[in-house]
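Engineer: First, the structure itself, so that you have it in front of you.
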Amino acid sequence: MFESAELGHKLAKAEYEALVPGLRTALLEAQFELLENRAFAAVILINGIDGAGRGETVNLLNEWMDPRHIDVHAFDRATDEARARPLLWRFWHALPPRGKIGVFFGNWYSDPIAERAEGRLRKDGLDQRLSEFNRFEAMLAAEGVVLIKLWVHLSRDGQKQRLKALEADPDTRWRVGDEDWAYYHNYDRYRKVAEHVLRRTSTGHAPWVIVDGSDPRYRAVQVARTVVDALHGRLEQQRKGFLPRQSAAPLAPSADGRNLLNALVLNRPLDKKDYERQLEKLQGRLALAVRSPEFAKRSLVLVFEGMDAAGKGGTIRRVTQALDARQYHVMPIAAPTEEERAQPYLWRFWRKVPRRGKVAIFDRSWYGRVLVERVEGFCSEADWMRAYAEINDFEDQIVAAGGLVLKFWLSISADEQLARFKAREEAAFKRYKITAEDWRNREKWPAYEQAVCDMMDRTSTENAPWTLVEADNKYYARIKVMTTLVERLEQALRR
């Protein structure tokens, strides 16, 4: 794979100086056209062999383009804050918005390559991460992000010569340490791992470009041309309207009209006295569980979804009554802001993933894409169809990092919803809870019901199953939620 980069490519100084003005102009033109139309974002990954010129490549991009509109992130070892969350959390935080270019020096590939080369990661563990990266990059590409993946390469002899040259110069001697020579002595292992990684992750939507780093002038020109071609190619597609075609397979409706929701018996009996007695015990168990030493190694994500007036807010209040206010955060999810719309869909939810020892409670959630956005036509069919797999992957990563994901759908009948709407209009302190949009949504009840059933079928997983809650009786609904929450949390902590 690296053979072409080891041919010792060189570029004469005169030829280089003749090419540079045109390349710099092309880069700036592409950058400012992107900034003006804000149609997509670009992410440039800088990886490669130590001493091959990765740092110089980052500096070159800053020098040849306007650095005000480039977000450069140099990722070192993960901080305690990052290690308390899923692996990709810190990279999601750094994604550039539409119209900007992000340069990631050290990224999601760096640690797995080093860990495998140094024997700290098994091959099956590496392959599992690479599959995760491929899904992540496929999602970014589907969201319109242009991914430019550069591997700056040097032969073993070339690396040795580069390290010696740096050591010989008093101005650059500080850049060479023991770890650089250790990397050199393990060169063959790093190369073998890198070849495997690049083969597994060079895809049609995010291919690797191998850059010969032996000659700085050749390296600079190849990097600049790669970036120009990628940006100009997408901008040309935008101008002509030739965007990547997306399609989605149809979802088959139920033949007899029976589904998960209309088969529920929604009005389950439970009187107030029994409710209060059970609630007190369950809140006590929840309080003990989240204060236990074992919970410091876990996180808890609670998702509450349901038709309008299903009782999500009241149920959430009964949960938080048992929690220390410093330990949880309730997040009511509304329509995305301008900042959030400039990012991939899941960006705003990744930023809210709790660290270990904390609880995140979502009053509505990332399921908006396959519910309200689907029904109201705020996104394309292809967008909400691919969202099922993206959401499952998101939740799997939370669980893999020690999180517990509990999802509740509070289901009420149309008649009960109507009664609650009228009660809200009549009570002065509840009028704020009813809007014209709530009344309008009732007209789309069948469409929402079908969307909910499809969501259940495709996102109720072993790691994060849905719990259907019969909610015509608020007392019963709250006890079912609390019981499910306490039992699953206690079980997880015992494991």
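The values are calculated or read from the model by the stated rules, or taken from the named source; none is laboratory data. Please read all numbers here as calculations on a predicted model, not as lab measurements. Every residue, glycine among them, receives a Cβ derived from its backbone with ideal geometry; neighbour counts consider all protein chains shown.
Engineer: Using the structure shown, decide if R298 is in contact (Cβ under 8 Å) with a residue 24 or more places away in the chain and touching a Gly at 6+ places or on another chain (Cβ under 7 Å).
Structural biologist: The answer is yes for R298.
Engineer: Take the range 438-456 and flag every residue that is out of contact with any Asp or Glu (no Cβ under 7 Å at 6 or more places or on another chain), in a helix (DSSP H, G or I) and touching a residue at least 24 places away in the same chain (Cβ under 8 Å).
Structural biologist: Of everything in the range 438-456, those that are out of contact with any Asp or Glu (no Cβ under 7 Å at 6 or more places or on another chain), in a helix (DSSP H, G or I) and touching a residue at least 24 places away in the same chain (Cβ under 8 Å) turn out to be R442, W445, A447, Y448, E449, Q450, A451, V452, C453, D454, M455, M456.
Engineer: Does any residue of the range 22-32 turn out to be assigned to a helix (DSSP H, G or I), free of Cβ contacts under 8 Å to residues at least 40 places away in the same chain and polar (S, T, N, Q)? Don't jump to the end; show me each part of the working.
Structural biologist: Taking the range 22-32 as the starting set, the residues that turn out to be assigned to a helix (DSSP H, G or I) are 22-32.
The next check asks that each one be free of Cβ contacts under 8 Å to residues at least 40 places away in the same chain; those that pass are 22, 25, 28-29, 32.
Now restrict to residues that are polar (S, T, N, Q): 25.
Taking every residue of the range 22-32 in turn, at least one turns out to be assigned to a helix (DSSP H, G or I), free of Cβ contacts under 8 Å to residues at least 40 places away in the same chain and polar (S, T, N, Q).
Engineer: Look through A255, A249, A263 and report the one residue that is modelled with pLDDT of 85 or more, outside the structural domain of W108 (by TED's automatic domain parsing), of a type in the set (G, A, S) and part of a loop (DSSP other than H, G, I, E, B).
Structural biologist: Step by step, each of A255, A249, A263 is checked, and only A263 is modelled with pLDDT of 85 or more, outside the structural domain of W108 (by TED's automatic domain parsing), of a type in the set (G, A, S) and part of a loop (DSSP other than H, G, I, E, B).
Engineer: Oh, and also: Working carefully through the options K352, K273, K281, find the one that is of a type in the set (K, R) and in a loop (DSSP other than H, G, I, E, B).
Structural biologist: K352
Engineer: Here is a further query. Being crowded, with 19+ Cβ neighbours inside 10 Å, touching a strand residue (DSSP E or B) at 6+ places or on another chain (Cβ under 9 Å), over 30 Å from V359 (Cα atoms) and not basic (K, R) is the requirement here; does A84 meet it? First the steps, then the outcome.
Structural biologist: Values: crowded, with 19+ Cβ neighbours inside 10 Å: yes; touching a strand residue (DSSP E or B) at 6+ places or on another chain (Cβ under 9 Å): yes; over 30 Å from V359 (Cα atoms): no; not basic (K, R): yes.
No: the conditions fail for A84.
Engineer: A further question on this structure: Considering the range 137-178 alone, what residues qualify as being part of a helix (DSSP H, G or I) and under 32 Å from the mean Cα position of the chain (by Cα)? Walk me through how you get there before you give the answer.
Structural biologist: Going residue by residue through the range 137-178, those that are part of a helix (DSSP H, G or I) are 137-142, 156-168, 173-175, 178.
Of everything in the range 137-178, those that are part of a helix (DSSP H, G or I) and under 32 Å from the mean Cα position of the chain (by Cα) turn out to be E137, A138, M139, L140, A141, A142.
Engineer: Further, regarding this structure: Are there any pairs, at least 6 apart or on different chains, whose C-beta atoms fall under 7 Å, with the first in the range 89-113 and hydroxyl-bearing (S, T, Y) and the second assigned to a loop (DSSP other than H, G, I, E, B) and surrounded by fewer than 20 Cβ atoms within 10 Å (Cβ to Cβ), and if so, which?
Structural biologist: Hits for this filter: S110/F75.
Engineer: Name the single residue that is modelled with the highest pLDDT among those in the range 422-474 being surrounded by 18 or more Cβ atoms within 10 Å (Cβ to Cβ) and aromatic (F, W, Y).
Structural biologist: W466
Engineer: Return yes when E143 is closer than 20 Å to T79 by Cβ and assigned by TED's automatic domain parsing to the domain that holds V72 and no when it is not.
Structural biologist: Here the answer is no, as E143 does not meet what is asked.
Engineer: Something else: Within the range 356-374, how many residues turn out to be without any contact (Cβ under 8 Å) to a residue 60 or more places away in the chain, over 23 Å from E81 (Cα atoms) and either in a loop (DSSP other than H, G, I, E, B) or not assigned by TED's automatic domain parsing to the domain that holds V319 (or both)?
Structural biologist: 0
Engineer: Still on this structure, please answer the following. Which residue, of R200, R239, R225, R234, is of a type in the set (K, R), buried (at least 16 other Cβ atoms within 10 Å of the Cβ) and under 30 Å from A39 (Cα atoms)? Give the steps one after another, and end with the answer.
Structural biologist: Numbers: R200 fails: buried (at least 16 other Cβ atoms within 10 Å of the Cβ); R239 fails: buried (at least 16 other Cβ atoms within 10 Å of the Cβ); R225 fails: buried (at least 16 other Cβ atoms within 10 Å of the Cβ).
Checking each option against the conditions leaves just R234.
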